[in-house]
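J.: Sharing a structure with you now.
We did not get these values from a lab; they are worked out from the coordinates using the rules stated. Keep in mind that this is a model prediction, so the values were computed, not measured. Backbone-built Cβ (ideal geometry, glycine too); neighbour counts: all protein chains shown.
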Amino acid sequence: MKKVIFPAVAMLFGGLVAAPAQDAGTVAEAPPAAPYQKVSDLVSLPDFVPGLGQLFVDPSTLPAGPFLAYDHDGQLVSTVYMIPVQDLNPDKSFDDLEAPGGTVDHVDVYYNAGHPGVEVPHAHIILWHVSADDEARVAE
Amino acid sequence: MKPSRRQVIGMGGSFVTALALPNLFARAGAITEITMGGRSDGSHVWFDPVGLMVQPGQTIRWINRDRGNSHTATAYHPANFGKPNRIPAAAEPWDSDYLLPGESFSVTLTQPGVYDYFCIPHERAGMVGRIVVAGPQANDRRSRGTDAGLPEAARLAFPAVEDIVANGMVERK
């Protein structure tokens, strides 16, 4: 899995990380307040996705998100953006995406073949709010 | 135990003890399994075997062994989202709908020929498969349908009918 340092992602995606964030305290524990909804209630996906956790999203923000990911204890571990590969072109951009999760420890960016909800190949951009070692909290 | 769904395509087909491996010479009525899988990060998804030869009346069971994703086994047919017809003319189309991890779906194929199918959320990532039901039409190119309207990744992922017939199955690369 390739890791991209946070400043590089900020340069690549412009306002993505510079967007005004909601109070991190309001999303720190699951379930986050409306308009966020549990992804497994919206589409046919496992309630807890190994490697990501329990996901919530505001459906109006699909496909990009942010998706908020929680561990088994309901603690926020990451904020995830899902950007279709076909949308990474000169005619499209993603600006001012919300970043409600607060402090970012590190970032992962990797290709995903698709899944219900985002049924095209896309990039997962994961802003981890926990250390790399603590990613294990959502490994299984 | 997760629920299992089963559908008989064509005329009849019997349900007997499962076999551990697909087999070119498997008897009609036997069950052959196709795994739906994927890497843990979702970067790669697959059917395995991706190509399979069976006898008329044999049952195929797809089981989702991907712990982090849902998959479907959906026949290429106009009844399924207007897709091109890539199953024998006399055969009935099928659509498993989404299978969560551990769930399975079965069909029994009775009409000889070539059956192409795909996974709804992963067609554009090339998650497709091909089944050849033995018989006079098994190697008939006319039963393979048109490539029009297929994503390139899907079109390139089908194993050759000749390889399936020669080897009984084609495992994923």
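J.: For the range B:82-89, take each phi angle, set θ = phi - 60°, evaluate the Karplus expression 6.51 cos²θ - 1.76 cosθ + 1.60, and give the result in whole Hz per residue in order, putting x for glycine and proline.
T.: Using θ = phi - 60°, the values come out as x, 5, x, 7, 10, 10, x, 4 Hz.
J.: Still on this model: Compute the Rg/Rh shape ratio of the range A:42-140: radius of gyration over Kirkwood radius, all on alpha-carbon atoms.
T.: Reported Rg/Rh, Kirkwood definition of Rh: 0.95.
J.: Follow-up. Short version: ³J(HN,Hα) in whole Hz for each residue of the range A:88-99, in order, from phi by Karplus 6.51 cos²θ - 1.76 cosθ + 1.60 (θ = phi - 60°), x for Gly and Pro, what are they?
T.: 8, 9, x, 9, 9, 9, 10, 10, 6, 5, 5, 9
J.: Aspartates and glutamates within cross-link reach of A:K38: Cα-Cα under 17 Å, excluding same-chain residues under 8 positions apart?
T.: Partners within reach: A:E29, A:D47, A:D58, A:D71, A:D73.
J.: Using a Förster radius of 30 Å, what is the FRET efficiency between B:D163 and A:A123 based on their Cβ-Cβ separation? Nearest 0.05, please.
T.: 0.35
J.: Next question, about the same structure. On average, how many beta carbons from a partner chain sit within 10 Å of the beta carbon of a residue in A:107-118?
T.: Taking all residues of A:107-118 together, the mean is 6.
J.: From the backbone phi of the range A:37-47, what are the Karplus-calculated ³J(HN,Hα) couplings (6.51 cos²θ - 1.76 cosθ + 1.60, θ = phi - 60°) in whole Hz, Gly and Pro given as x?
T.: So the J values, rounded to whole Hz, are 10, 5, 4, 5, 8, 9, 9, 7, 9, x, 4.
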